[in-house]
1. Please tell me if Trp69 is modelled with pLDDT under 95 and in contact with a Leu (Cβ under 8 Å, 6 or more places away or on another chain).
2. Scan the range 73-85 for residues that are surrounded by 10 or more Cβ atoms within 10 Å (Cβ to Cβ) and at pLDDT 90 or above and jot them down.
3. Which residue out of Ile85, Ile19, Ile62, Ile74 is free of Cβ contacts under 8 Å to residues at least 60 places away in the same chain, part of a helix (DSSP H, G or I) and under 30 Å from the mean Cα position of the chain (by Cα)?
4. Kindly establish whether Thr37 is assigned to a helix (DSSP H, G or I), open to solvent by less than 100 Å² (accessible area, probe 1.4 Å) and at pLDDT below 95.
5. Has the range 46-53 got any residue that is under 19 Å from the mean Cα position of the chain (by Cα), open to solvent by 100 Å² or more (accessible area, probe 1.4 Å) and of a type in the set (Asp, Glu)?
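The values are calculated or read from the model by the stated rules, or taken from the named source; none is laboratory data. Because the structure is predicted, anything quoted here is derived from the model rather than measured. Note that we place each Cβ from the backbone using ideal geometry, even for glycine, and neighbour counts take in every protein chain shown. In case anyone asks, the SASA skips ligands and DNA or RNA and just uses the protein heavy atoms, side chains included. Shrake-Rupley method; radii C 1.70, N 1.55, O 1.52, S 1.80 Å.
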Amino acid sequence: MTTYGWVGVALLVAAGLAILVEGAVAAVWGMGLARRTAKLSERLQAERGLLGADLERLRLAIAETRRLWRPYRIALRWLGHPLTIALLQSYRRRWLLR
């Protein structure tokens, strides 16, 4: 075998070692990434639970607000009517012209 042949074998062995080192580094990095992903998933699940509780509390507050405003519903509907608004604006203009 000539010198070129041994250089080729040496390069082949060096490339194989480089691939093994890269594989080991990738495995270590992958395990760390998996660990961090698991922790993040747990934290996300806890936050999702808190968010669900807050959402339920908000729904209850909206239902309570609707229940409390129920007696005033007719008056608010009348006050929001365009003719009522126009009448109130007319009274305001008359009051300001005095």
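1. Numbers: modelled with pLDDT under 95: yes; in contact with a Leu (Cβ under 8 Å, 6 or more places away or on another chain): yes.
Here the answer is yes, as Trp69 does meet what is asked.
2. Residues satisfying the conditions are His81, Thr84, Ile85.
3. Working: Ile85 fails: under 30 Å from the mean Cα position of the chain (by Cα); Ile19 fails: under 30 Å from the mean Cα position of the chain (by Cα); Ile74 fails: under 30 Å from the mean Cα position of the chain (by Cα).
Checking each option against the conditions leaves just Ile62.
4. Numbers: assigned to a helix (DSSP H, G or I): yes; open to solvent by less than 100 Å² (accessible area, probe 1.4 Å): yes; at pLDDT below 95: no.
The answer is no for Thr37.
5. Going residue by residue through the range 46-53, those that are under 19 Å from the mean Cα position of the chain (by Cα) are 46-53.
Filter again for open to solvent by 100 Å² or more (accessible area, probe 1.4 Å), leaving 47-48, 50-51.
If we keep only those that are of a type in the set (Asp, Glu) too, we end up with 47.
Yes - at least one qualifying residue is present in the range 46-53.
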